[in-house]
1. Give the number of residues within the range 190-201 that are touching a residue at least 40 places away in the same chain (Cβ under 8 Å) and not small (Gly, Ala, Ser).
2. Got a sec? Which of Arg250, Arg215, Arg263 is out of contact with any Gly (no Cβ under 8 Å at 6 or more places or on another chain), closer than 23 Å to Val33 by Cβ and at pLDDT 95 or above?
3. Out of the range 34-70, which residues are among the small types (Gly, Ala, Ser) and either surrounded by fewer than 18 Cβ atoms within 10 Å (Cβ to Cβ) or part of a loop (DSSP other than H, G, I, E, B) (or both)?
4. For the range 83-92, which positions are farther than 13 Å from Trp35 by Cβ, crowded, with 17+ Cβ neighbours inside 10 Å and in contact (Cβ under 8 Å) with a residue 24 or more places away in the chain?
5. Go through the residues of the range 222-233 one by one and say whether even a single one is within 22 Å of Thr113 (Cβ to Cβ) and part of a helix (DSSP H, G or I).
6. Being under 19 Å from Val100 (Cα atoms) and touching a strand residue (DSSP E or B) at 6+ places or on another chain (Cβ under 9 Å) is the filter here; which residues of the range 39-59 pass it?
7. Output the qualifying pairs, or none if there are none: Cβ atoms under 7 angstrom, residues six or more apart or on different chains, first residue in the range 174-189 and surrounded by fewer than 24 Cβ atoms within 10 Å (Cβ to Cβ), second residue aromatic (Phe, Trp, Tyr).
8. Just to check your reading of the model, which residue among Asp124, Asp101 is touching a residue at least 24 places away in the same chain (Cβ under 8 Å), surrounded by fewer than 18 Cβ atoms within 10 Å (Cβ to Cβ) and out of contact with any Pro (no Cβ under 7 Å at 6 or more places or on another chain)?
Amino acid sequence: MRIGVTIDLVRDVSLGTEFQKLRSFGMNSCQLVCWDRSLLNRETADMVLREMKEKEVEITAFWCGWEGPRYWNFYEGQATLGLVPEAYRFARMEMLMEGVDFAAELGVKDLVTHAGYMPENPYDPRYPEVIACLRRIVQKCEKKEMYFDFETGQETPVTLLRAIQDIGCGNVGINLDPANLIMYGKANPVDALDVFGKYVRGVHGKDGLYPVNGRELGEEVPLGEGKVHFEKLIPRLRECGYDGDITIEREITGEEQIRDILRAKELLEGWICRS
């Protein structure tokens, strides 16, 4: 297993500088994250390809966000996140379709996103509607010889497994963010692999705590200080046949973020060697 880091594709921020920072960490792989639809064009793709070649960086997945309001909590989040809210569904589906084309131009084989709070009740009228939208995106990925990967978090493992089965295509996978499963109070990530382990195509190196109230997510914390227990997760991933990257994600900024990334890399290297 290699260790990488997430890198944001943001207007007016030098991607070359971010790639150089990645290399200074002793890494050469990343997931590229973009929430700005205006960047999903050929000119940006050409720039990314130049910087990838010059800095000798591999992008293992393109994490495609979607525009519009988003609240990362248990209340407003239900009405704003992903493809579930009908008011934003079509525009977000279009952006994800553009994200597929963008990822294909980069030669990246996995597109990742949050689908939103997928209904646990399969008889909820929103459920088949979201599945139909996802199937269209997945089918476009299939034409490009790509995978569509659900980022874990807002749905239980069983709901996620059902969605994969109901989409019914062979190119659907999971980007396992173990901290999200904890922070959303959805599952223990080690146990969740019993449900969907064979679908894991990417893993985030992130840690967190369980929620302590019914409105807000649990807190993200430096890797090794939360409830994920990577020392147990990594051997279990190997048992499931996963030998890909663990991509560190630390959702803060500044010097503290750099310190936490380097500490996470050190911890992960030790657990990988012992697994």
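The values are calculated or read from the model by the stated rules, or taken from the named source; none is laboratory data. Here the structure is a predicted model, which is why all the values come from computation and not from measurement. With ideal geometry, Cβ positions are generated from the backbone for all residues, glycine too; neighbour counts draw on all protein chains shown.
1. The qualifying residues number 5.
2. Residue meeting the stated conditions: Arg250.
3. Of everything in the range 34-70, those that are among the small types (Gly, Ala, Ser) and either surrounded by fewer than 18 Cβ atoms within 10 Å (Cβ to Cβ) or part of a loop (DSSP other than H, G, I, E, B) (or both) turn out to be Ser38, Gly65, Gly68.
4. Of everything in the range 83-92, those that are farther than 13 Å from Trp35 by Cβ, crowded, with 17+ Cβ neighbours inside 10 Å and in contact (Cβ under 8 Å) with a residue 24 or more places away in the chain turn out to be Leu83, Val84, Pro85, Arg89.
5. no
6. Leu40, Thr44, Val48, Met52, Glu58, Ile59 - these are the residues of the range 39-59 that are under 19 Å from Val100 (Cα atoms) and touching a strand residue (DSSP E or B) at 6+ places or on another chain (Cβ under 9 Å).
7. From the range 174-189, the pairs are Gly185/Tyr210.
8. Just one listed residue meets the conditions, Asp101.
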